[in-house]
Amino acid sequence: MTSAFTPSVFYRDPLAAMRWLEAAFGFETSLLVTDQAGHVGHAQMTYAGGVVDIGGEWSSPELLGPASLKSPASLGGVGTQFVRVRLASGLDAHCERARAAGARITQEPQDQFYGDRTYRALDPEGHVWNFSEAVAEVSVAQMERASGLKFAIPPKEPSDA
Amino acid sequence: MPDAPPISPLLFYRDPKAALDFLERAFGFETRLVVETEAGGVMHSESAFEGHVVMVVGPPSHSAASPLDLGGRVTGHVHVQLREGIDALCERARAAGARIGREPEDQPYGDRVFTCLDPEGQSWSFGQKVEAVPPAEQARRSGAARGSAP
């Protein structure tokens with residue numbers, strides 16, 4: 001039912017964040033469990049067949065030891081995770097919708113050497129979202145030439161691509 | 001990468017190669033793509049498990065950080081859903097140096113779950129379905145089990 005890896009993102013105001021993610025990115029709320037005080041206990045959003053969990057800030061020495069789950073808004077805008085979202089098509093229109101909803105576009109849509117077109121946006125609490133769509137098929141040799149990077153472990157060649 | 005999952009996490013590490021190695025040893029993930037920078041960092045990678053991927057990148061700069069840089073605070077968490085073998089995986093992770101938070105335990109919604117931190121403090125949970133629990137029963141059980149809200 002769910003994918004094997006589900007990223008979670010934490011917000012000071014998760015309900016406001018969910019409304020924003022719906023408006024800006026087109027995500028849909030698929031699960032929302034609140035406690036008696038109205039706080040989000042567990043929330044899940046889906047988009048393009050993928051799933052992301054949404055939560056409020058919290059810490060629990062018993063469950064998390066020294067870890068504490070924070071919004072970037074509480075850490076001076078710094079984050080330990082980005083979330084990647086793969087679109088089938090419509091990347092530029094997606095970016096314009098996000099911008100109109102108040103997303104800070106930190107990288108405008110642009111074609112990358114590895115054959116994807118990508119853009120990067122910050123949500124109101126500072127989480128970073130990377131959107132991509134495939135626009136070209138590029139071989140490893142082409143990618144290395146174009147980027148100067150070393151593919152220490154290259155992707156499996158096109159048999160499965 | 002047409003088989004890339006629609007939504008996937010990208011985690012920052014001070015030492016991404018050590019992190020990729022840990023994810024293999026501790027969790028049984030497979031490193032299937034590593035793109036290095038000239039300075040020896042990792043700008044793109046894929047650590048795969050049952051067809052799904054997490055991307056490991058570092059060392060971080062600008063607005064990105066390892067939990068080590070933030071006193072253990074994280075802005076993300078990754079949940080991994082298993083088909084089987086959750087207790088054995090927890091022991092494998094512990095032996096590899098994962099710090100186990102919640103030991104494997106059955107949850108009101110019918111999954112068995114454990115949580116852990118990796119060596120740089122990125123936060124993980126693993127779950128496995130052990131019982132089909134209808135939504136109404138989940139609500140009843142979790143209501144009965146509810147303590148203070150997080």
| said: How big is the dipole moment of the range A:7-161 about its Cα centre under a simple scheme where the beta carbon of each Lys and Arg is +1, that of each Asp and Glu is -1, and everything else is neutral? Debye, nearest 20, please. | reply: 300 debye
| request: Per residue of A:144-152, count partner chain C-beta atoms within 10 Å of its C-beta, then hand back the mean as an integer. | output: 4
| said: Need the list of lysines near A:Lys70 for cross-linking: C-alpha distance under 29 angstrom, and skip anything on the same chain fewer than eight residues off. | reply: B:Lys17, B:Lys129
| query | Of all the Cα-Cα pairs you can form in the protein assembly as shown, what percent are over 23 Å apart? | reply | 56 percent
| Averaged across the residues of A:7-16, what count of C-beta atoms belonging to other chains lies within 10 Å of each residue's C-beta? | 3
| Antiparallel content of DSSP bridges confined to the range B:3-129, in %, to 5 | 70 percent
| query | Label-point separation (nm) for A:Ala88 and B:Arg92, each offset 7 Å from Cα along Cα-to-Cβ? | reply | 3.4 nm
| message | Using only the Cα atoms of chain B, what semi-axes does the equivalent ellipsoid have when each is the square root of 5 times a gyration tensor eigenvalue? Give whole Å, largest first. | response | 30, 17, 15
| Cα-based Rg of the range B:94-134 normalised by 2.2 N^0.38 Å, two decimals | 1.30
| When only C-alpha pairs under 8 Å and at least 6 residues apart count, what is the relative contact order of the range A:61-161, in percent? | 25 percent
| remark: Here the whole-number average of other chain Cβ atoms within 10 Å per Cβ of A:46-56 is 3
| message | Using 0.36 nm times the number of residues separating A:Arg97 and A:Asp35, minus their current alpha carbon distance, what extension gain do you get? | response | 19.1 nm
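FYI, it's all coordinate maths here, none of it is from the lab. Predicted, not measured: the structure shown is a model, and the values here were computed from it. No Cβ is skipped: glycine too gets one built from the backbone with ideal geometry, and neighbour counts run over all protein chains shown.
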